[in-house]
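Notes to accompany the following structure.
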Amino acid sequence: MPEGLRRIKEREKRWYSRLAEGLASFFIALQVALRRLLTWGRTRLVFAMIPQSERPSRKFEIRRFSLLAIVLVIVLSVSAAIISIGAYSAKSVRIISLEAQLSDAYKSIDRMRESNENLLSETAKFEEKLEQVIEIAQSKGKPTVKQSTSEEILKVAGLYDPTLGQLSNDPVSRDLLKLNSIADALDKSLGALDDIAKMIASQKDIMTEVPNIWPIKGNLGHITMYFGQNENPFSTGQWYLHTGIDISTNRIGDAVLATADGKVIDIHYDSSLGNSITIQHSHGFTTRYGHLRSFAVKKGQRVSQGDVIGYLGNTGKTTGPHLHYEVYLGTSLIDPLRFLSIRKEYHE
């Protein structure tokens with residue numbers, strides 16, 4: 001046998017021998033420990049109760065194993081009791097918290113029902129007012145408002161339902177039915193609101209086609225000469241027909257605005273009006289702006305109400321910087337102030 005293999009075999013034998021010896025020693029030690037434990041556990045403990053009187057003493061004998069078992073049972077019982085008490089306390093706290101949440105939920109439900117009732121009432125009022133607005137918009141008159149019972153108001157609003165009274169034992173279903181009724185009423189109102197919006201939009205379109213805004217940006221200036229018969233500022237004692245109104249801001253350069261939608265049909269200079277712009281509007285209206293310092297538009301250009309068309313100046317025959325503003329309906333001159341008050345009357 002080779003020398004290397006022989007050495008390996010010897011090492012294996014020594015290892016197995018040591019392993020066997022170790023296992024034998026372990027089992028021997030284990031047996032000894034078990035014997036000692038059994039001996040210790042079987043040993044009896046004696047408990048003596050010696051009274052102070054002349055009565056005989058009492059002795060109780062118990063093995064250590066039995067005592068350990070009793071102690072273990074007591075420990076387990078106490079631990080189980082502590083765990084149970086802790087779990088009970090936690091559940092009690094949880095129950096108290098849930099009761100508080102339930103109370104808050106009831107309060108929220110009560111508030112929701114109150115809000116629901118208020119919403120129901122306000123929706124009825126909204127529907128009633130909406131009908132009045134439609135009547136005013138259609139007839140331009142003042143409708144008479146009559147007193148109605150709550151049931152009649154609900155019928156007008158489309159919210160009255162005889163089944164509501166039959167659901168008093170089911171508040172959730174009743175509240176849901178009310179909310180659905182309110183939703184239906186509001187949905188029905190959308191058509192009427194759309195009609196009103198279209199009506200207002202059409203009125204707005206008409207208003208922008210009529211020369212009815214102040215012709216100087218920012219509502220600046222004041223009237224220095226009105227339309228009609230006035231004393232000629234260049235000839236003392238003589239009277240003449242002033243064809244428009246003169247508006248002064250006591251300075252040059254303020255923006256002049258188109259008073260309605262239209263098309264610029266003339267831009268020129270003459271010795272009387274100086275730099276002037278003429279705009280043609282819908283419905284036969286024409287406006288003219290004189291004594292301008294400069295222009296901001298060109299002939300043929302379309303302008304919208306409120307657009308800047310030029311700047312206030314002192315060109316032509318004037319006694320100071322101002323805007324001369326005229327309004328024509330067809331070929332007839334009209335006092336511009338009649339249209340400058342339309343906005344106020346329209347809103348009233």
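Hey, any hits in region 59-67 for a residue that's without any contact (Cβ under 8 Å) to a residue 24 or more places away in the chain, among the charged types (D, E, K, R) and either assigned to a helix (DSSP H, G or I) or closer than 30 Å to L179 by Cβ (or both)? Walk me through it before giving the result.
Start the filter on region 59-67 by keeping residues that are without any contact (Cβ under 8 Å) to a residue 24 or more places away in the chain, which leaves 59-63, 66-67.
Pick out the ones that are also among the charged types (D, E, K, R) and you get 59, 61, 63.
Next, only the ones that are either assigned to a helix (DSSP H, G or I) or closer than 30 Å to L179 by Cβ (or both) stay: none.
No - not one qualifying residue is present in region 59-67.
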Can you tell me which of (1) in contact with an Asp or Glu (Cβ under 9 Å, 6 or more places away or on another chain); (2) surrounded by fewer than 18 Cβ atoms within 10 Å (Cβ to Cβ); (3) more than 18 Å from I245 (Cβ to Cβ) is the one G262 doesn't meet? (2)
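If a residue must be surrounded by 11 or more Cβ atoms within 10 Å (Cβ to Cβ) and basic (K, R), how many such residues does region 45-69 contain? Write out each step before concluding.
Here is the first cut: in region 45-69, the residues surrounded by 11 or more Cβ atoms within 10 Å (Cβ to Cβ) are 45, 62-69.
Add one more test, that the residue is basic (K, R), and what stays is 63-64.
Counting residues in region 45-69 that are surrounded by 11 or more Cβ atoms within 10 Å (Cβ to Cβ) and basic (K, R) gives 2.
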Within region 288-312, residues being closer than 23 Å to N250 by Cβ and out of contact with any helix residue (DSSP H, G or I) (no Cβ under 9 Å at 6 or more places or on another chain) number 13
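Every read-out reported here was derived from the displayed coordinates using simple, explicitly stated rules and does not represent laboratory data. In this text the structure is predicted, and so the values were computed from the model without any measurement. Using ideal geometry, Cβ is built from the backbone for each residue, glycine included, and neighbour counts are taken over all protein chains shown.
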